[in-house]
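Asker: Next up is a structure, given as structure tokens.
Since every read-out is calculated from the coordinates, none of them should be taken as a lab result. The model shown is predicted, which means the values in this text are computed figures rather than measured ones. Cβ sites come from the backbone with ideal geometry, for glycine too, and all protein chains shown count toward neighbours.
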Amino acid sequence: MDRQYLVALDQGTTSSRAIVFTREGQVRASAAHEFAQHYPQPGWVEHQPQDLLDTTLRALRDALSSGGLEASQLAAIGIANQRETTLVWDRKTGQTLGRAIVWQCRRTAPFIERLRHDGLHGMIQARTGLVPDAYFSASKIRWLLDEAGAQEKAERGELCFGTVDSYLAWHLVKGHPHVTDATNASRTMLFNLVRQDWDEDLLKLFNIPRAMLPQVVDSAQVIGETDPKWLGAPVPVAALAGDQHAALFGQGCFGAGQVKNTYGTGCFMLMNTGDRPVKNDKGLLSTMAWRLGGQPTFALEGSVFVAGAAIQWLRDELGLIKTAAQSEALARQVEDSKGVYFVPAFTGLGAPHWDMYARGMVTGLSRGAGAAHLARAALEAIAFQSNDLLLLMADALGHRPDALKVDGGAAANNLLMQMQADISGIQVLRPRVGETTALGAALLAGLALGMFDSPQQAAAQWQLETAFAPAWGEDLRARRLAGWQKAVDAALYEASLRRND
Ligand code: ADP
């Protein structure tokens, strides 16, 4: 039988999914399994490594059986994964040093703070494009080695470090290749963006032996075939990419200035910046888009901390709605937010403000303002915050991007998407396949196999579902942006009062 399907394994923070695509980019079958989160101390987050592997394999097998498919029909597997999450394991036995430290885990924040005191943040940012933070893998590796007293073992080459792509590939592929792709490498805070290699000075700084680091491969590259013990027949593993990077690819953002935003609990916006990393001093990260045929493509990345989470707050804390989707109907009961602005800075404000003391604020309440106005303001807040990132990206690019491609759970909200078009003054394009991370991983795998001649040809698989055109005039836009800015200023002012307490 023809090997006609591409499978994406999307190993995320709360679940592992497998999606089988046709060569035309249509979903043929899928399955997902959640796994346990471990919180051993406040602020600490861990995953059981075996859970990551087991749920991924179960999702893959379930997707195949629900579609009546066999492994022998699969052309290739592409892996997209939660980024930065850190594992260290024994090269011989596969035994891990404890659990995986998840990207969200704050345990190494004091270590990162010490680097700031030592004046090292600038150097780290210049080399890696990242604003130093406990999210990234470097300080997590250091913590795992210290905790296990395993430095010497690592130096002898007996340990492997890997992000989740690396860990899955090591287990799934025959011969246990120890690899990671350039996008995942770029989230470790050890990878030199310009040189496209591990940075010797950073390895010294963190005292991490090169012997434990994976080989950095392209995002679309055949790494090997799965061990037949897993699926009954070998299948090439042909792509690795961090989830946000895979989504940028799945959205067909191949040209410099093309940008996507993912609306989930938070938002992740990435813009392709072409063949050079772009510096940014407003807190956007400079990162990889992907690496193909040895050629790196770069991106700028920004995130909104609280997006869909503000809708959850309306649902869970205020009880205004029963489901997140109901936010749309509630907000549609009124024509505008009646001067109400909601700054959902529950955990501080990110780019471009960077104030961790900021907290949530509702401004402009009048006697007639009610639940519908608040729901509207909450949805607008998601769009305003995303627009603040888009403005930074436009600044770096030199002009406003032509369009914004969207995905993620909250992108299903038509009102929110129209607000985004109005607030940003650009076309908002929602694709038919909302699983852009998985689609990107599958297309990267197809590209590695030569199914497509170029990324552009792979992009032909991207299909528009709905385009939202901006309807506001420039006057209204300017007035509303000024209103939002005032509300943010109020939140920043309030934070400054509390900071001085
Ligand atoms: P994540 O991957 O971060 O878990 P998802 O992409 O699954 O997030 O999206 C879930 C988030 O989107 C939740 O925070 C939820 O409140 C929000 N959300 C989902 N559907 C809608 C909707 N129709 N309108 C507004 N928000 C929504």
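Asker: Stretched out fully, how many nm does the piece from Ala211 to Gln196 gain, at 0.36 nm a residue minus the Cα gap?
Answerer: Once the chain is fully extended between Ala211 and Gln196, it gains 3.7 nm.
Asker: Sticking with this one: Where Lys and Arg each count +1 and Asp and Glu each count -1, what net charge lies around Phe268 among other residues with Cβ under 12 Å from its Cβ?
Answerer: -1
Asker: Considering only DSSP beta bridges where both residues belong to the stretch 333-434, give the percentage that are antiparallel (nearest 5).
Answerer: Of all bridge pairs located within the stretch 333-434, approximately 50 percent are antiparallel.
Asker: Let's see if you can work this out: charge +1 on each Lys and Arg Cβ, -1 on each Asp and Glu Cβ, no other charges. What is the dipole magnitude of the stretch 21-128 about its Cα centre, in debye to the nearest 20?
Answerer: 320 debye
Asker: Right, next: May I ask which residue of Leu159, Ala378, Ile101 lies farthest towards the positive end of the charge dipole of the chain, with charges of +1 (Lys, Arg) and -1 (Asp, Glu) on Cβ and the Cα centre as origin?
Answerer: Ala378
Asker: Turning to a different aspect of this structure: If I fit a long axis through the Cα atoms of helix 49-66 and take the longest principal axis of the Cα atoms of the chain, what angle between them do I get, 0 to 90°, rounded to 10?
Answerer: Tilt of helix 49-66: around 90 degrees.
Asker: Roughly what % of DSSP beta bridges within the chain run antiparallel, to the nearest 5?
Answerer: Bridges in the chain are about 70 percent antiparallel.
Asker: Could you check the simple spin-label distance between Glu155 and Arg114, using points 7 Å along Cα→Cβ, in nm with one decimal?
Answerer: It is 1.8 nm.
Asker: Let me ask something else about it. Taking a ≥ b ≥ c as the square roots of the eigenvalues of the Cα gyration tensor of the stretch 329-409, is the shape rounded (a/c under 1.5), prolate (a/b larger than b/c) or oblate?
Answerer: Oblate, because a/c is 1.5 or more while a/b does not exceed b/c.
Asker: Rounded, prolate or oblate: which one fits the stretch 192-244, using the alpha carbon gyration tensor with axes a ≥ b ≥ c (rounded when a/c is under 1.5, else prolate when a/b beats b/c, else oblate)?
Answerer: Note, shape of the stretch 192-244 comes out prolate.
Asker: In degrees between 0 and 90, to the nearest 10, how far off the longest principal axis of the chain does helix 137-148 point, with axes built from Cα atoms?
Answerer: Taking Cα atoms only, the helix is inclined about 60 degrees.
Asker: Need the C-alpha centroid separation for the stretch 365-387 versus the stretch 460-475, integer Å.
Answerer: 22 Å
Asker: Which one of Ala471, Ala482, Ser496 has its Cα pushed farthest toward the positive end of the charge dipole of the stretch 452-501, where Lys and Arg give +1 and Asp and Glu give -1 at the Cβ?
Answerer: Ser496
Asker: Once you sort the root eigenvalues of the Cα gyration tensor of the stretch 145-291 as a ≥ b ≥ c, which label holds: rounded (a/c under 1.5), prolate (a/b larger than b/c) or oblate (the other case)?
Answerer: Since a/c reaches 1.5 but b/c is at least a/b, the shape of the stretch 145-291 is classed as oblate.
Asker: Just how large is the dipole of the stretch 439-501 about the Cα centre, in debye to the nearest 20, putting +1 at every Lys and Arg Cβ and -1 at every Asp and Glu Cβ?
Answerer: Using only the charged Cβ atoms, the result is roughly 260 debye.
Asker: Related question: Tell me which of Gln50, Val88, Ala75 sits at the most positive position along the dipole axis of the stretch 28-93, charges placed on C-beta atoms (Lys, Arg +1; Asp, Glu -1).
Answerer: Ala75
Asker: Calculate the spin-label point distance for His121 paired with Thr347, positioning each point 7 Å from the Cα along the beta-carbon direction, and give it in nanometres.
Answerer: About 1.8 nm separates the two model spin labels.
Asker: Okay, next question. Could you size up the charge dipole of the chain around its Cα centre, putting +1 on the beta carbon of Lys and Arg and -1 on that of Asp and Glu, and report it in debye to the nearest 20?
Answerer: Dipole about the Cα centre, nearest 20: 360 debye.
Asker: While we're on this one: Taking the simple approach of a point 7 Å from Cα along Cα-to-Cβ for both Arg58 and Leu464, what is their distance in nm?
Answerer: Label-label distance for Arg58 and Leu464, simple model: 4.1 nm.
Asker: Could you give the length gained on full extension between Ser72 and Lys282, defined as 0.36 nm per residue of separation minus the Cα-Cα distance, in nm?
Answerer: Contour length minus the Cα-Cα distance gives 70.7 nm.
Asker: Apply 1/(1 + (r/R0)^6) to the Cβ-Cβ distance of Glu474 and Ala148, taking R0 = 60 Å, and write down the FRET efficiency to the nearest 0.05.
Answerer: Efficiency, from the Cβ-Cβ distance: 0.50.
Asker: How much length is gained if the chain between Leu318 and Gln333 is pulled fully straight, taking 0.36 nm per residue apart and subtracting their Cα-Cα distance, in nm to one decimal?
Answerer: Computed gain between Leu318 and Gln333 is 3.6 nm.
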